[in-house]
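The structure appears right after this line, and notes come after that.
The values are calculated or read from the model by the stated rules, or taken from the named source; none is laboratory data. Fair warning: this is a prediction, and the values are worked out from it, not measured in the lab. As a convention, Cβ positions derive from the backbone with ideal geometry for all residues, glycine included, and neighbour counts pool all protein chains shown.
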């Protein structure tokens, strides 16, 4: 026994040599505080807790049951209503011919105090039926709603969600009530095919209030929480939000999965908590009451306890303020540096004062910051190289349909003894491929790019049997500037297939290349049907399905990304279009001589 004690003493001395004085002081204070607090707590628990714990537990459990039993009964009723609507109504209906509105309306009328509305949606979020008849809020994307996604992804269960303001429908009187969404996945017979849909039943939030109003809540605080420990209903929520009362639900958030009756401490006070889980929902009803430890047997005992706690709390307060200021300051300083790293600032130097442990931690974080910075640089470089490779591979593709159709035209011309026209097309096609390849270069002279698109227009004019005419002009002296390869052809391609296809000889495409300040503007204009601003935005974002069966298939978004990746976000495509007026696409690139860029860009 003596040897073991000596070993422990030796280990403690070795530890003390490595510990700072602040740490030893903090540890000593903590041990003393724990011993004193535990001793007083045990003394108080021995004197008072046995007297009232059982009575308080019974009262809490009874009050919670008064709310949980009718709530569970209502939940069961709503599940039965949901099952009835699904198996007896929706499964037997054939949409869109059949209407289930009357059945929905009947269920709403049977449960006027519980159900706010019933709606049926298909798997695309389209409203098939609703009671009462409602107009969907256009600003709401049904498919992104939590109740819709959860029902689709977990289609075997009925799901309940936290209360929310009903903003799914447009309220005629501008009153948006609080509701509790209940949703489930259903199978719908639509046009003879079975598709998946979602049945949504919005429960009135007021029915929860009515249940809690009827429960005996004297001398206790009662509330309902979700699985995450967040408040769903609390009669005192408004007072809590104003800071007029404590948020007693914080007591339960430390043990959100626990059921039954147990005691916890909050702000130095002991509370009894009774919790019951509502089946099918995961919600919990909790009752919280202050543990009434009764009266002490004598005034001397009460004064002694009060004096002891007063002295203890005063000492703890003074020591906490002092020690916190001495210990937490360097930690807070280090936390600021860590936050800067989280925000992406990896250039700031970390200089932390304080104990050895804090300095070592600061040094480790500084080293970690250095490693992260290098790793991020490597990742960015790798991503940019990979992205450039992908875009370059995409730009070099020539759609086989364009090639096949062009060869068919050449064969047809030869068969019809139009040798001169065939020679022109073959020559233009050869130049088109020559510039497309460009010995693997991504940067070419501007004049070559314009020659390339001119050859492309000549071939397409023949293919479309002169449905359109074209003109290409370039300001003198700017042809030797550098440009990315194949950035004009995709724009012309869209102008032809989406603007000229339904023209009958009166289509026009003009390409005008000018220099404006330090920039070069390549304007591609057509007199086609034009586009709305929504279509223009979608085209730039790549949401419009572009030509994949004809033309080069490069795409407008590809051009935009390549230009901005090479020259910066101030450059790229600028589209102006009006319906029945035509479209103008302006390509903006910097005016840089090809010779000065040839080596660095390639």
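Based on this model, can you work out whether residue 292 counts as in a loop (DSSP other than H, G, I, E, B) and either in contact with a helix residue (DSSP H, G or I) (Cβ under 9 Å, 6 or more places away or on another chain) or at pLDDT 70 or above (or both)? Steps first, answer last, please.
Working: in a loop (DSSP other than H, G, I, E, B): yes; either in contact with a helix residue (DSSP H, G or I) (Cβ under 9 Å, 6 or more places away or on another chain) or at pLDDT 70 or above (or both): yes.
It is true that residue 292 is in a loop (DSSP other than H, G, I, E, B) and either in contact with a helix residue (DSSP H, G or I) (Cβ under 9 Å, 6 or more places away or on another chain) or at pLDDT 70 or above (or both).
Screening residue 374 on (1) modelled with pLDDT under 65; (2) more than 19 Å from residue 489 (Cβ to Cβ) shows it passes everything except condition (1). Only one of the listed residues (572, 551) is in contact with a helix residue (DSSP H, G or I) (Cβ under 6 Å, 6 or more places away or on another chain), at pLDDT below 80 and crowded, with 17+ Cβ neighbours inside 10 Å. That residue is 551. Return the pairs, sorted by first residue and then second, in which the second residue is part of a loop (DSSP other than H, G, I, E, B) and modelled with pLDDT under 90, the first residue lies in the stretch 122-139 and is in the same structural domain as residue 150 (by TED's automatic domain parsing) and closer than 22 Å to residue 194 by Cβ, the beta carbons are less than 7 Å apart, and the residues are 6+ apart or on different chains. That search, which allows pairs on different chains as well, returns 129/99; 129/100. Candidates in the stretch 555-569 are the residues that are more than 19 Å from residue 493 (Cβ to Cβ) and touching a helix residue (DSSP H, G or I) at 6+ places or on another chain (Cβ under 9 Å); of these, the one that is surrounded by the most Cβ atoms within 10 Å (Cβ to Cβ) is 566.
Taking the stretch 82-177 and the strands (runs of 3 or more DSSP E) fully enclosed by it, the elements with 1 or more residues that are within 24 Å of residue 284 (Cβ to Cβ) are at 115-122, 158-160.
Counting residues that are closer than 20 Å to residue 428 by Cα, which strands (runs of 3 or more DSSP E) fully inside the stretch 454-535 reach at least 2? Working first, answer last.
On the way: elements: 468-474, 482-484, 507-516, 519-526.
Ranges flagged: 468-474, 507-516.
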